[in-house]
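Asks: Okay, here's the structure, questions in a sec.
The values are calculated or read from the model by the stated rules, or taken from the named source; none is laboratory data. The model shown is predicted, which means the values in this text are computed figures rather than measured ones. Cβ coordinates were reconstructed from backbone atoms using ideal geometry, including for glycine residues, and neighbour counts include every protein chain displayed. Just so you know, the surface numbers come from the protein's heavy atoms only, side chains and all, with ligands and any DNA or RNA stripped out. Shrake-Rupley method; radii C 1.70, N 1.55, O 1.52, S 1.80 Å.
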Amino acid sequence: MTIDDLSTEVLLKVEDVSLAFGGVKALDGVSFDIRRGEIRAIIGPNGAGKSSMLNVINGFYHPQQGTITYKGQTRKQMRPYEAASQGIARTFQNIALFKGMSTLDNIMTGRNLKMKTNLFWQALHIGPARREELENREAVERIIDFLDIQAIRKKPVGKLPYGLQKRVELGRALAAEPELLLLDEPMAGMNSEEKEDMSRFIIDVNMEFGTTIALIEHDMSVVMDLSDRVVVLDYGCQLADGLPHEIRANKEVIEAYLGVSHD
Amino acid sequence: MIYRETGQFKDNYSDDQALFPIAQDRYVIYAVLLVTFAVVPFVLNQYWLNAVMLPFLIYALAALGLNILTGYCGQVSLGTGGFMAVGAFSVYKLMVAVPELGFVPLVILSGLITAAVGTLFGLPSLRIKGFYLAVATLAAQFFLIWMFNKVGWFFNYNATGMITSPPMTMFGVIITGPEGTPAAKYLLVASFVAVFALVAKNLARGRIGRNWMAIRDMDIAAELIGVRPLIAKLSAFAVSSFYIGMAGALYFAVWLGSAEPTEAFDINQSFLVLFMIIIGGLGSVLGSILGAAFMVLMPILLKNVLVNGFGTNSALAAHIEIMTVGALIIIFLIAEPHGLARLWRIAKEKLRLWPFPY
Amino acid sequence: MTFFIEVVLSGLMAGIMYSLVALGFVLIFKASGIFNFAQGVMALFAALTLVGFMEKFGMPVWLAIIGTILVMIALAWVIERLMLRHLVNQEPIILFMATIGLAYVLEGLGDILWGSDVKLLDIGIPQGASDWMLDSFDIYVEKLEVFAAVTAAIMVTILAVFFQKTRVGRALRAVADDHQAALSVGISLHTIWVVVWSVSGIVALVAGIMWGSKSGVQFSLSLIALKALPVLILGGFTSVPGAIIGGMIIGVGEKVAEVYLGPFVGGAIENWFAYMLALGFLLFRPQGLFGEKIIERV
C-alpha cells in the first residue's frame, strides 16, 4: 500500500507531547498522527514510552506539554471518561480485566455507555431495563462469536489462561464499538498459533468494522504484516515515522533496537 | 444426579438471564417462599418469632445493604451502626409527626433519608480507598451516634435520650412496639426482605451492578469503559444506606420497641453486620441472608448448649460466646473466604454427581 | 495562659499514650502488611496477665514482667501458627477481619483467665503531680505521663535503629512489601512474623502498663485501639516517628477541641474529633505525614 491509498482524514493527532514523572522524562516532544481506518504501529525498545503515549491518548496521564487533537477537537489533555464516550477503547499490557466477573459480564461492561436506563427500572428488571439488557446481550454475543469464545462465556476470567484473557479483553474493547482502538502489546506472551489468531482478529476488526487501530507491538513480523504506517519511539523521543518497509531499512531504528557495534 | 441440568436448554437470552435458570433452583425457592410465608408464622411460637426470626430478617436486610457497598462495589464501611441509627431516628420523627402516612411508606422514607446521609458520608470515597475508607466511615459512625445522643431534637427532648416507637397498625393489626403481634411483625419484615432481596439481585445483574463490580475489581480500568467513579461509588453508598436505613427503622420500631443510640447502634453493630457478609459471602444476595442467619442463630445456640446443656454460668457463657465468634471468623476466613454462599455452591456441584463419587 | 499550656501538655501526654499503642500497629503493618485490630486487646491482655501474675501468683514486679513477656512471645507463636500461616497473601481486608476475630478471642480469653473486674496496676511508676513543674512554672503535669513519654522515646529509638540497621529489620521490610517475593529470596516468613508479633506484644505490654497504671486495667483499654486509627492516618501507617507525632497531634487536638469547643456543642467531642481530623487529612494527604505514597499503575 502506498501512502496515497489511505484515507487522508486525520482521526488523532498528538503534537509536541512531553510527559515527565518527577525527574524521569517518559515522552519528549512526540508528534505523529493517525489516519482514519489505518493500522498504526508504535514500536520501540523497552521503556521507550509507548505505553505512556497510549495512556496520554486515553487520558490516564496528563502531559505537561503538547496537545491532542481528536476528531477535530484540540485539547491539552484527555479525560478517561471523555475518551471513552468519544469512541476510544483500549487493551492493556498487563490485562486489566475485572477478575471477579465472568467473560460475558466483562464484555457486557464494554457496553456500559450504550445503556441508559435508570436505577428504578433496573431495580425492577422489567420494561426498558430488561429490553436494554437483552439487546446489549445480543450485541455482546455477536462479539463472542467473532472471537470464538463461546465456551468460556460464563467462566470467571480470573481462571482463564493468559491467551484467552487477552481475547476477552479485546472483546470488551470491541463491545464499545470504538472508532479508535488502542492495543498495548496484544501478542505478548502468546505462541505462534495464538498470534495468528490475534492477527486475524485485528485485521478483521479493521476491515469489517472500519475501526482505526493503534498498536504497540514487539514482534517485528507482526508489525510489518499488519500495519499501514509505523512510528518509532526511543527514550521518549521520536526516531522515525513512515511506511513499514521504510522503517525496516532505517539505520537509526536498527541501531536503537540492535545496538551499534564499535570497532 | 439430583441436581442435573441436562435437558434444560435455553433457546433465548431472556431465559438464560433469568434469576433461577435451573429448574431445581426454582423449586427450592418456591418451597422456601411457601414455608416462609405460609408455614412459619403458624408453626413457630412467640419466642422464636420475636427473638430469632425478627432479628434474623432485619439483619438480613442490613447485610444486603452492606453487601451492596462492600461486596459488590468494594467500598469498606464500618458505619453501618450509625446509618441504622439514622433510619431509626428518621422513622421515629416521622411516626410522631405524620403517622397517617402508614408505617410502610414511613419506613421507605426513612430509607431515603438515610440514602441521602449515606451519599454525603460517601463523598470521601472518591479520594480514599480500602482501609483508609474504613476509618473514614468510622468518623461517620462516631459522629452520628454522638449527634443522636446530644441533639435533643432527635429524641424529642425526652429526658432519658431514648426513643420509643408509638404503636402503628396495618390492616387493623398492631405491628410496631411491644404490643405488636409477633406473627404480623414477622410477615411484615419477611415481605420487606423478600422484595428487597429481589431488587438487590436485579441491580446486581444489570448495568449498575456490573459497574459496581468493575469499580471493585479495577477502578482505573473501569473509567475507560465509561464508568464515572463518582456516580458509581455514590450510587452504591446511596442504595446501601437505603437498605441499612430501612433495617434500622425496622430494628427500632418493630423489634426493639425503644432504643438508645449508644447501645443499639454502636460500633459493635457495624462489626456484626460486616461479619455477616464476610461469613455469608461478599457479593452474594444469598450470602447476606445466610450470614445473618448464622450470626443471629449461633449465639443463641451456643448459649443454649452451654447454659442449659453444660450448666455453665451465664457470665462465663458470654465470654465463651465472644471467643467463639472471634474464632469462627478466623476459621471461616482461613477455610472459605468466600463464605457460606460459596459452600452452598460447592454443595450444589457435589449434588450434580451424587450418589456417584465422580 | 498557663491553663492553655496545661491543656496542651495534657494533650501531648495523652497523645504519647496513644502513640504507644499506635507503635504496635506500625510494627505489624510494616512487617506483614496486616492492620492488627487486636493491638488494643493485646495491650489489655498483657496488662491483665501482668496483674494476674503479681496478684494471683504473688510474683515480684520484675519476675511478673518477664513472665508476661514470655506469655506475649508464646502468644505471637500461637497466632502465627494457627492464624497467620494460613492467610498468606490474602487481601488486606481479609487479614483485617481476621484480626478483628482475634481481638474477640483475646478479649474473651482474658476475661475467662483473669476475670473482668477492674484491676489496679502498680509497678512502682511514680504517680502524682510533678512537684518541680508545679513549683517552678505553676503547671500541673503528671509524673506518670512524663515517664510514659520518656519510655516511648526510648522505644522509638530502639525500633528505628532495629528497622534500619539490622538484617532482621531489612527482612521485615521485605516481607511487608510482598510476602511471596520475600519467601522466594529465602526469608522465613514464619520466623519473621513471630518476631514481629512478639515485639509488638512487648510494645503492647508497655502500653498496657502505662494505661493501666493511669486508669486501672479494664475493658475500655481495648477501645484505645480504635483511637490509634486516626493516629496512624495522620502519621502514616508505616512510619514509627509518624506514630509518635500523629499521636501528639491527635492528643493535643482532642484536648484543645474538647476544652475550647466542647462547651458550645454539649461536650464529649472527644468521641469523634480525632476521626474528623483524620478524615480531613485523608482527603488532602492520604498517605499521612510520613507514610509512603501509594502509586497505582495500570
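Asks: With labels modelled as points extended 7 Å from the Cα through the Cβ direction, what inter-label distance (nm, one decimal) is found for B:VAL35 paired with B:ALA335?
Replies: My value for the distance between the label points is 2.2 nm.
Asks: So how much accessible surface do B and C hide from each other in total, probe 1.4 Å, in square angstrom to the nearest 100?
Replies: Working: alone 18010 and 14580 Å², together 28750 Å².
Answer for the B-C pair: about 3900 Å² buried.
Asks: Another question, then. What does the C-alpha gyration tensor say about the overall shape of chain C? Classify as rounded when a/c is under 1.5, otherwise prolate if a/b is larger than b/c, or oblate.
Replies: Note, shape of chain C comes out oblate.
Asks: R0 = 60 Å: FRET efficiency of C:THR191 with A:LEU243, Cβ-based, nearest 0.05?
Replies: Working: r = 61 Å, r/R0 = 1.01.
For R0 = 60 Å, the calculated efficiency reads 0.50.
Asks: Just by accessible area at a 1.4 angstrom probe, what is the order of B:TYR47, A:TYR235, A:TYR70 from largest to smallest?
Replies: Final ranking, largest accessible area leading: A:TYR235, B:TYR47, A:TYR70.
Asks: Report the A-B buried area as the accessible area lost on both sides summed, probe 1.4 Å, in Å² to the nearest 100.
Replies: The A and B chains share an interface burying roughly 3000 Å².
Asks: Solvent-accessible area of A:HIS218, probe 1.4 Å, all protein chains present, reported in Å² to the nearest ten, please.
Replies: So the heavy atoms of A:HIS218 present about 60 Å² to solvent.
Asks: Taking 40 Å² as the minimum loss, tell me which residues in the range A:96-122 lose that much accessible area going from the chain by itself to the full protein complex (1.4 Å probe).
Replies: A:PHE98, A:MET101, A:THR109, A:ASN112, A:MET115, A:LEU119, A:GLN122
Asks: Enumerate the residues in the range A:192-208 having an amide nitrogen under 15 Å from the point lying 7 Å beyond the Cα of A:ASP225 toward its Cβ.
Replies: A:192-205
Asks: Rounded to a whole number, what is D in µm²/s for the range B:269-335 from Stokes-Einstein with the Kirkwood radius over alpha-carbon pairs (37 °C, 0.692 mPa s)?
Replies: Once the numbers are plugged in, D ends up at 264 µm²/s.
Asks: To continue, here is another question. Under 13 Å from a point placed 7 Å out from the Cα of B:ASP11 along the Cα-to-Cβ direction: which residues of the range A:99-142 have their backbone N that close?
Replies: Backbone N within reach: none found.
Asks: With each label point set 7 Å from Cα along the Cα-Cβ vector, what nm distance links A:ASP204 and A:ARG79?
Replies: Once both label points are built, they end up 3.7 nm from each other.
Asks: How large is the dipole of the protein assembly as shown about the Cα centre if only Lys and Arg carry +1 and Asp and Glu carry -1, each at its Cβ, rounded to the nearest 20 debye?
Replies: Numbers: 68 positive and 74 negative charges, 281 e Å.
Using Cβ point charges on Lys, Arg, Asp and Glu, the protein assembly as shown gives about 1340 debye.
Asks: I need the shape label for the protein assembly as shown. Rule: rounded when a/c is under 1.5, else prolate if a/b > b/c, else oblate, with a, b, c from the alpha carbon gyration tensor.
Replies: oblate
Asks: Between C:ILE66 and C:MET1, what length comes free when the chain is fully extended (0.36 nm per residue of separation minus the Cα-Cα distance, one decimal in nm)?
Replies: 19.0 nm
Asks: A follow-up question, please. For B:ASP217, A:ASP148, give me the order by solvent-accessible area with a 1.4 Å probe, most accessible first, ignoring ligands, DNA and RNA.
Replies: If we order B:ASP217, A:ASP148 from most to least accessible, we get A:ASP148, B:ASP217.
Asks: Sticking with this structure for a sec: What is the helix-to-structure angle for A:127-147, meaning the angle in degrees between its Cα long axis and the longest Cα principal axis of chain A, kept from 0 to 90 and rounded to the nearest 10?
Replies: Once rounded, the angle reads 40 degrees.
Asks: Can you work out the Karplus-derived ³J(HN,Hα) for every residue in the range B:126-140? Use 6.51 cos²θ - 1.76 cosθ + 1.60 with θ = phi - 60°, whole Hz, and x for glycine or proline.
Replies: These are the phi-based 3J(HN,Hα) values: 6, 10, 10, 10, x, 3, 4, 5, 4, 5, 4, 5, 4, 4, 4 Hz.
Asks: Going from most exposed to least, what order do A:CYS237, B:CYS73 have by accessible area with a 1.4 Å probe?
Replies: My answer, sorted largest first, is A:CYS237, B:CYS73.
Asks: Amide H neighbours of A:ALA240 under 5 Å, counting only residues 5+ apart in sequence or on other chains, H built in-plane at 1.01 Å?
Replies: A:VAL232
Asks: Per residue, how large is the accessible surface of the protein assembly as shown? Use a 1.4 angstrom probe and give square angstrom.
Replies: Working: 38750 Å² over 919 residues.
Ligands and nucleic acids excluded, the result is 42 Å² per residue.
Asks: Can you send over the carbon and sulfur percentage of the accessible area for the range B:260-335, probe radius 1.4 Å, protein chains only?
Replies: Ligands and nucleic acids excluded, carbon and sulfur give 70 percent.
Asks: Can you pull out the chymotrypsin sites (Phe, Trp or Tyr not before Pro) in the range C:24-89 whose DSSP state is coil and whose Cβ has at most 13 other Cβ atoms within 10 Å? Write down the numbers at each step before the final one.
Replies: Values: sites: C:PHE25, C:PHE29, C:PHE35, C:PHE37, C:PHE45, C:PHE53, C:PHE57, C:TRP62, C:TRP77; in loops: C:PHE35, C:PHE37, C:PHE57.
Those satisfying the criteria are C:PHE57.
Asks: If I model a spin label at A:LYS114 and B:VAL151 as a point 7 Å from the Cα along the Cα→Cβ vector, what separation in nanometres do I get?
Replies: Distance between label points: 4.7 nm.
Asks: Probe radius 1.4 Å, ligands and nucleic acids ignored: give me the carbon and sulfur share of the accessible area of chain C as a rounded percent.
Replies: Working: 8490 of 12600 Å².
Its accessible area is 67 percent carbon and sulfur atoms.
Asks: Right, another one. Before rounding to the nearest 500, sum -39500 (n - 2.57) across all DSSP H runs of length at least 4 in chain B and divide by the residue total; then give [θ] at 222 nm in deg cm²/dmol.
Replies: Value at 222 nm, helices only: -21000 deg cm²/dmol.
Asks: Run the numbers on the range A:35-62: which residues show a drop of 20 Å² or more in accessible area, chain on its own versus all protein chains together, using a 1.4 Å probe over heavy atoms?
Replies: In the range A:35-62, residues shielded by partner chains: A:PHE60, A:TYR61.
Asks: Dipole magnitude of the range A:112-263 about its Cα centre, charges +1 at Lys/Arg Cβ and -1 at Asp/Glu Cβ only, in debye to the nearest 20?
Replies: So the dipole magnitude of the range A:112-263 works out to roughly 1040 debye.
Asks: Distances over 18 Å make up what percent of all Cα-Cα pairs in the range B:50-130?
Replies: Counting every Cα pair in the range B:50-130, those more than 18 Å apart make up 50 percent.
Asks: Which lysines, on any chain, are close to A:LYS76 with Cα under 17 Å apart, when same-chain ones fewer than 8 places away are left out?
Replies: Leaving aside lysines fewer than 8 places away in the same chain, those within reach of A:LYS76 are A:LYS13.
Asks: Say the dipole of chain C comes from +1 at the beta carbon of Lys and Arg and -1 at that of Asp and Glu; which of C:ILE73, C:ALA176, C:ALA228 then lies farthest toward its positive end?
Replies: Towards the positive end, the residue furthest out is C:ALA176.
Asks: Using a Förster distance of 51 angstrom, determine the FRET efficiency expected from the C-beta separation of B:LEU120 and A:ARG131, and round it to 0.05.
Replies: 0.90
Asks: While we're looking at this one, here's another question. Efficiency by 1/(1 + (r/R0)^6): what FRET value for B:ILE300 and A:PHE146, r their Cβ-Cβ distance, R0 = 60 Å, to the nearest 0.05? Before the final figure, lay out the partial values.
Replies: Working: r = 56 Å, r/R0 = 0.93.
My answer for the efficiency is 0.60.
Asks: Shifting gears a bit: Filter the cross-link list A:LYS155/A:LYS195; A:LYS50/A:LYS71; A:LYS50/A:LYS114; A:LYS114/B:LYS233; B:LYS150/C:LYS119 down to pairs whose alpha-carbon distance in this structure exceeds 28 Å.
Replies: Check vs 28 Å cut-off fails for A:LYS50/A:LYS114; B:LYS150/C:LYS119.
Asks: Also, I was wondering about something else. For the range A:1-135, with the dipole built from +1 on Lys and Arg beta-carbon atoms and -1 on Asp and Glu ones, taken about the Cα centre, which of A:SER85, A:HIS125, A:MET108 lies farthest toward the positive end?
Replies: A:HIS125
Asks: With the Cα gyration tensor of the range C:141-298 giving a ≥ b ≥ c as the square roots of its eigenvalues, does the rule (a/c under 1.5 for rounded; else a/b larger than b/c for prolate; else oblate) give rounded, prolate or oblate? Walk me through the numbers before you get to the answer.
Replies: Numbers: a/c = 2.38, a/b = 1.48, b/c = 1.61.
The shape class here is oblate.
Asks: What lysines sit close enough to B:LYS185 to cross-link, taking a C-alpha to C-alpha distance under 26 Å and skipping anything fewer than 8 places away on the same chain?
Replies: Straight-line reach from B:LYS185, under 26 Å: B:LYS93, B:LYS201, B:LYS303.
Asks: Using the Cα centre as the reference, give the magnitude of the dipole from point charges on the C-beta atoms of the range C:1-124 (Lys, Arg: +1; Asp, Glu: -1; all else neutral), rounded to the nearest 20 debye.
Replies: 320 debye
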